[in-house]
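Everything on this sheet refers to the single structure shown next.
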Amino acid sequence: MNTKKSPVLKRLLAYALQYKTRIGVAIVILIASVGAQLAGPIIAKNIIDKHILAIEFAWYEAEKSELPAGVRFVEFDGSVYVRSDWIAPEQIPGDWGKARIYQNGSSFYIESEQKGRMELTEEDVLEFYRHDVTPVFMMVGMIVGLALTASLLSFIQGYMLQTTALRIVQKMRMDVMKQLHRLPVRYFDNTPVGQIVSRVANDTEAIKELFMSFMATFAVSGMHLAGVFVALFILDARLALLCLVLLPLYAGIMAIHLKFSQKYVTVIRNRLADMNAMLNESIAVMPIIQAFRREKATIREFESLNDERYRNQVMQFRIFALSGRNIVYFIGRLVTAMVIWYFGSESLSSTISFGVFYAFIDYLGRIYEPIIGIFDQLMNAQRAFVSAERVFNLLDEEGTDVQPVQRLPRPEGHVVFDRVSFAYKEGEYVLNNISFEAKPGETVALVGHTGSGKSSIMNLLLGFYEPNKGEIRINGKPIASFSKQDLRKHMGIVLQEPFLFTGDIKFNVSLYEESIDIEKVKSALRAVGAEPFVKQLPSGYDEPVVERGATLSAGQRQLISFARALAYNPAILILDEATSSIDSETEGIIQNALKVLCEGRTTFVIAHRLSTIRDADQILVLHRGEIVERGNHHELMKLQGRYYKMYQLQHAEVGSSTA
Amino acid sequence: MSFISKLRWFFRQRWGYYLATVLLMCATSFLNTIPPRMIGDVIDQIRIGSLTGESLMKTIALLIGLAVSMYLMIYIWNNTLFGSSVLLEKELRNRLFRHLTWMPPSFYHRNRTGDLMALATNDILAISNTAGFGVLTLVNTVVGTTIVVVSMVAFISFKLMVAALLPLPLLALAINKLGKAMRHRFMIAQQSFGRMNDHVLESISGLRVLRSYVQEEKDIEAFDRVTKDVMEKNIGVAYINALFQPAISTIVGLSFSIGIGYGSYLVFHSEITLGELVTFNIYLGLLIWPMIAFGEFINILQRGSASVDRLDQNLRQTSDVADAVQPVPVAVPTSIEMDRFTFRYPGTNIDVLKGVSFRLERGETLGIVGRTGSGKSTLLKQLLRQYPLEPGRLKISGQPIEQIAIDQVRSWIGYVPQEHMLLSKTIRENIALGKPDASAEELERVIKLAALETDISQMKDGLETVIGEHGVMLSGGQKQRIAIARALLANPEILILDDSLSAVDARTENAILKNIREYREGRTTLIATHRLSAVSHAHWILVLDDGAVLEEGTHEQLLQKGGWYKQQYERQQLEESLLGDEQGDV
């Protein structure tokens, strides 16, 4: 799989790059948002170092009258005190006495050169902090402001990145759909429908998850990590360098974790899929399981699958508990200990910045969740790659582009089959040397049993398959010379099982064709005799049609598909007569509709009820892929061959009143 | 709390594990509050200059010790907790499956396959999630929050705690609300996704129609609208999704700001020290996850409870076919007798069998014919005890069938259903279902009897060929013959063929029937069929019409009678002569 991975990745990337501007803008916003979020601890550091701890800075004891204008001061015990950061060093007269404030236990003391040591009351301490209150509140205001800005920016980028991922997948889905219409009919014969639907829907959904999680987790978490480390380097490069060891360490743990859990996760998923399949099947064949008293054996089989999943889940949780979130935080706690040791031992030999100390602890606390997030997503990414590979394989299948229809004049409908042979599977011919001619306006009926080749003739005429030998000509031109779309433009088809789409009645007549307006729909339905029943439906022509038209009777579905064919006014009509039983009243309507349909066009009828084709101009009797008899009804009856026998059989059937 | 009461059996079985989990979680929550205090202490010690190299090393050693013991404790409770949750998943799934194997057909009419599948996957996973992750979030919220809050009050400041915690309940509220909105929008997006699925399905199923009417481009345009709708609905989800992070960071940011702002104020007032302020802010960080979790917990619990109710409601359904309480021992079915037998399916009010009577001695063959829906299958199914029946009307060896153990009755029967009902396993495994310990010779014999020899020898993998989607596609006739071989392998006292040769051509059918007649000399066979030639050798033939016996007798008697049977027989003979040379397996 690894060898195929890089093209898959490349192709996924190519999809993403179609939106590179949006992604670029979003990433810039993301960086700004991370910056705003990470500014908080730096401000907190300044609050600590420049204000809370500022009371321990050097103080000068001065006379009030000597103070330069605008310099902040604190009055205490009859003297005026100025903190060293309130006044420029060159402004300090040499005769000012020095003082310092320090804490011992819970009490503060001031020690000045002139007055000696005094204990400060709480009010005194507050007085010394007098000028720090406003700046601290302003800085806290900044933190709040930054948090709000960060939130807003993070919303914008999150929304932008996710919508981009959705756009990419929509594009991909359209590409798959376009591909489906390019693929030859043969492809669909060999591929189960469910599998194709799964490609378009589920596999692209897995890819969507990949893009979404990439956008939401990888990009954001990665940026956060980067931001934290930038901040750490600004604060203390030496310690930050030490902390940098964390990244390869976590990466290593992740790799080991994935390697070990992959095995279990695969089994866990597969067994669940197996159990679902088994459950589904068991429900279907339950009568057999019970009749053959295999309940216990079946339960045993199911429970062994279930048990295997369980055992792997237990193992997976063991690994999870060992090397998942738990170890991320375990290492985090060790790092905290290291940071304390670093600052603590540093403080023994020199002074340290408490603000940096605080900010370090705060920042380090922010890297674990992003790391865990990346951890979780890596597991899913693997799966999405398999899906992507399947989708790309489908896109790589060979097909024919859908051609725009040229405005060719309506052909007269002269159809010739010239020694046509055809096989679905190589060597197994279902049509042998078929030749016939249909003159414009004629009705040609095809008769024969299942597998005699009737449907294959229709499939070839519509260009769904190519003949292996021989040629089909329409108006003297071989059909291979037309694009599929031009070929079919003037053909109409009515299938044995009329296919109705979800929508309403009028949509099922006109399909997407705009030139067929509601009046044409109505007149087509009227002409085939469907008007009475359509009008009786609660919403008439707008009556919703559910999946496959399940709420309509077989006869009604048939009539709607007749109306569809009529509305398109094809020069050549192909009609596969329904086999399903239709009540006699509808049967009569359908017989009339058929007459209306065939008028003025070349019609091919695949007939199951021989009574419907008595008036056909030509009847071709097929047997094992060959035409064994041909002629009109009277000629064939006179022949007393297969047609005659078949006709008699059906006659007997009607007489005996059985199904 | 229906969740706990309906799963009482499980919690009773695992209470030790749950107790250990909760205790260990309490312990880790408590230990988790120590390092922040130590950080604060170190800061204060450095400030007042009381920190020594020795005390620092002690602190570090303690921190490492804490990290290691927390790691171990978390490892243990992770395993006890999630071990319980996956065990629950396993047990529930086993229960459900066992339940399903005991349920009669009427159960399957009431419960659609899709719903049962949803029960086995979604619902059971939701329950397991509640019993694992749900418990984790609950304990974490209650215990974690309590310990942190108590520590804040005890070691730092009550006022600061109240002020800084004010915004945090908003977090639980926001997560809960957003979670709900998210699920709501997600459902809408799923519906849109479903419509897209349907569109693809129709585009493929209606491919020939679309292509014949040259609607490919238009269909692509329509699909574009559908996928755009999916995209828009998902953008709706993304909108909420993108709100989560900002909502969390706004509220958390607010809380931290209060912590540091009001905390500084308290430092200025000498009420707390700088070290305590730092400790407090780290404590605040410890509360975020429990708050987020609590918002989710409500949703998890709701889902889990709903799933438990659904599952419980299903498991409560009982079989409407009761086994005999004191079964009468019957060694061999010497006769089968129906006496004015009437039957309707449970929950319906139409009789599908009306006063049917017959008597069949051991070794005889009964033929049942009649048009579709006349009750042939229903009659045969009575012997399988799939439905509740009127007592005393169906007797085996003179004993009412409901007084014989169901298992005993089924042990006599080999059943070949209308739909072949094969498993997606190898042909060998499918045939061996009839008798799992059958010898190779036995297997070979039934394969010959079912006229499968040539078919199997032509397959690349022979008997090991896998049937079904991933295996070789077999023809309908082949599948039916496998089903027959399966029943013959059991060498049953009573063989039931329910229209089980419909897809086999007449010549092969006759050969198989002849094999069966010879092989099963002395044992009883019941055959329902559309093809009358299949029952011409039967000792007695019932012609059913609308659940009642229309005609009965031997083949010759029925032909003489000149009724439905004769008409149908002649028609079929004519058809046979016409198709004889061309119909193979369909």
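The values are calculated or read from the model by the stated rules, or taken from the named source; none is laboratory data. This one's a predicted model, so the numbers in the text were calculated from it and none came from an experiment. Neighbour counts run over all protein chains shown; Cβ positions are idealised from the backbone, glycine included.
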| said: So, A:Ile156, is that one more than 15 Å from A:Ile52 (Cα to Cα), more than 9 Å from chain B (Cβ to nearest Cβ) and at pLDDT 90 or above or not? | reply: no
| query | Just for segment B:64-86: of the residues that are more than 7 Å from chain A (Cβ to nearest Cβ) and in contact (Cβ under 8 Å) with a residue 60 or more places away in the chain, which one is farthest from B:Met117 (Cα to Cα)? | reply | B:Thr80
| request: Please name all residue pairs, on different chains or six or more residues apart, with Cβ atoms under 6 Å, provided the first residue is in segment A:438-461 and is within 13 Å of chain B (Cβ to nearest Cβ) and the second residue is part of a helix (DSSP H, G or I) and not polar (S, T, N, Q). | output: A:Gly448/A:Lys454
| said: Tell me yes or no: at least one residue of segment B:332-345 is under 29 Å from B:Tyr565 (Cβ atoms) and among the aliphatic types (A, V, I, L, M). | reply: yes
| Given the residues A:Ser353, A:Ser387, which is the only one that is out of contact with any Gly (no Cβ under 9 Å at 6 or more places or on another chain), away from chain B (no Cβ under 14 Å), of a type in the set (Ser, Thr, Tyr) and surrounded by 14 or more Cβ atoms within 10 Å (Cβ to Cβ)? | A:Ser387
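With A:Val402, A:Val386, A:Val415, A:Val444 as the choices, which residue is on the phi < 0 side of the Ramachandran plot and in contact with an Asp or Glu (Cβ under 6 Å, 6 or more places away or on another chain)?
Values: A:Val386 fails: in contact with an Asp or Glu (Cβ under 6 Å, 6 or more places away or on another chain); A:Val415 fails: in contact with an Asp or Glu (Cβ under 6 Å, 6 or more places away or on another chain); A:Val444 fails: in contact with an Asp or Glu (Cβ under 6 Å, 6 or more places away or on another chain).
Residue meeting the stated conditions: A:Val402.
Give A:Ala165, A:Ala147 a once-over and let me know the one that is out of contact with any Asp or Glu (no Cβ under 8 Å at 6 or more places or on another chain), surrounded by 20 or more Cβ atoms within 10 Å (Cβ to Cβ) and closer than 30 Å to B:Glu217 by Cβ.
On the way: A:Ala147 fails: closer than 30 Å to B:Glu217 by Cβ.
None of the others qualify; the one that does is A:Ala165.
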| said: With the requirement that a residue be more than 27 Å from the chain's Cα centre (by Cα) and among the aromatic types (Phe, Trp, Tyr), what does segment B:391-445 give you? | reply: B:Trp412
| request: Tell me which of these A:Gly625 doesn't satisfy, since it passes every other one: (1) on the phi > 0 side of the Ramachandran plot; (2) away from chain B (no Cβ under 14 Å); (3) touching a strand residue (DSSP E or B) at 6+ places or on another chain (Cβ under 8 Å). | output: (2)
| Among B:Phe193, B:Phe155, which is farther than 30 Å from B:Ile282 by Cβ and touching a residue at least 24 places away in the same chain (Cβ under 8 Å)? | B:Phe193
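Determine which member of the set A:Asp124, A:Asp95 is more than 12 Å from every other protein chain (Cβ to nearest Cβ) and surrounded by fewer than 19 Cβ atoms within 10 Å (Cβ to Cβ).
Values: A:Asp124 fails: more than 12 Å from every other protein chain (Cβ to nearest Cβ).
Criteria check complete, one pass: A:Asp95.
Report yes if some residue within segment A:508-531 is under 30 Å from A:Val420 (Cβ atoms) and either crowded, with 19+ Cβ neighbours inside 10 Å or away from every other protein chain (no Cβ under 11 Å) (or both); otherwise report no.
Taking segment A:508-531 first, the residues under 30 Å from A:Val420 (Cβ atoms) are A:511.
Right, trim to either crowded, with 19+ Cβ neighbours inside 10 Å or away from every other protein chain (no Cβ under 11 Å) (or both) and you get A:511.
Looking through segment A:508-531, at least one residue is under 30 Å from A:Val420 (Cβ atoms) and either crowded, with 19+ Cβ neighbours inside 10 Å or away from every other protein chain (no Cβ under 11 Å) (or both).
If a residue counts only when it is among the hydrophobic types (A, V, I, L, M, F, W, C) and closer than 24 Å to A:Cys598 by Cα, which strands (runs of 3 or more DSSP E) contained entirely in segment A:426-507 have at least 3 such residues?
Values: elements: A:428-438, A:443-447, A:469-474, A:491-494.
The qualifying strands (runs of 3 or more DSSP E) are A:428-438, A:443-447, A:491-494.
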| query | in contact with a helix residue (DSSP H, G or I) (Cβ under 8 Å, 6 or more places away or on another chain), in a helix (DSSP H, G or I) and under 22 Å from A:Glu412 (Cβ atoms) - does that describe any residue in segment A:578-596? | reply | yes
| Does segment B:407-417 contain at least one residue that is part of a loop (DSSP other than H, G, I, E, B) and either farther than 30 Å from B:Ala322 by Cβ or of a type in the set (A, V, I, L, M, F, W, C) (or both)? | no
| Based on what the data block shows, is B:Ser264 buried (at least 23 other Cβ atoms within 10 Å of the Cβ), within 7 Å of chain A (Cβ to nearest Cβ) and under 30 Å from A:Arg564 (Cα atoms)? | no
| message | Name the residue that is nearest to B:Gln386 (Cα to Cα), counting only residues in segment A:275-308 that are at the interface with another protein chain (Cβ under 7 Å from one of its Cβ atoms) and either in contact (Cβ under 8 Å) with a residue 40 or more places away in the chain or aromatic (Phe, Trp, Tyr) (or both). | response | A:Phe292
| Any idea which of (1) farther than 22 Å from A:Tyr187 by Cβ; (2) of a type outside the set (Val, Ile, Thr); (3) surrounded by 17 or more Cβ atoms within 10 Å (Cβ to Cβ); (4) touching a Pro at 6+ places or on another chain (Cβ under 6 Å) is the one A:Lys454 doesn't satisfy? | (4)
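Can you name every residue in segment B:246-281 that is outside any helix (DSSP H, G or I) and touching a Ser or Thr at 6+ places or on another chain (Cβ under 7 Å)?
B:Glu271, B:Ile272
Check every one of the strands (runs of 3 or more DSSP E) wholly within segment B:493-570 and list those with 1 or more residues that are under 13 Å from B:Leu366 (Cβ atoms) and among the acidic types (Asp, Glu). Even if it seems obvious, please write down each step before you answer.
Numbers: elements: B:494-498, B:524-528, B:540-545, B:548-553.
Strands (runs of 3 or more DSSP E) meeting the threshold: B:494-498, B:548-553.
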| field | Only listed residue being within 30 Å of B:Leu63 (Cβ to Cβ) and surrounded by 18 or more Cβ atoms within 10 Å (Cβ to Cβ), chosen from A:Gly344, A:Gly413 | value | A:Gly344
| query | Could you count how many residues in segment A:289-327 are touching a Lys or Arg at 6+ places or on another chain (Cβ under 9 Å), among the basic types (Lys, Arg) and outside any helix (DSSP H, G or I)? | reply | 1
| Residue match in segment A:200-214 (condition: more than 9 Å from chain B (Cβ to nearest Cβ), hydrophobic (A, V, I, L, M, F, W, C), part of a helix (DSSP H, G or I) and more than 12 Å from the chain's Cα centre (by Cα)) | yes
| message | It is to be established whether one or more residues within segment B:6-25 are at pLDDT 90 or above, within 26 Å of B:Asp123 (Cα to Cα), surrounded by fewer than 16 Cβ atoms within 10 Å (Cβ to Cβ) and of a type in the set (Lys, Arg). | response | yes
| request: Report yes if some residue within segment B:348-371 is crowded, with 18+ Cβ neighbours inside 10 Å, within 14 Å of chain A (Cβ to nearest Cβ) and either in contact (Cβ under 8 Å) with a residue 40 or more places away in the chain or more than 30 Å from B:Val466 (Cα to Cα) (or both); otherwise report no. | output: yes
| request: Out of the residues in segment A:44-86 that are more than 14 Å from chain B (Cβ to nearest Cβ) and among the small types (Gly, Ala, Ser), state the one that is nearest to B:Leu277 (Cα to Cα). | output: A:Ala58
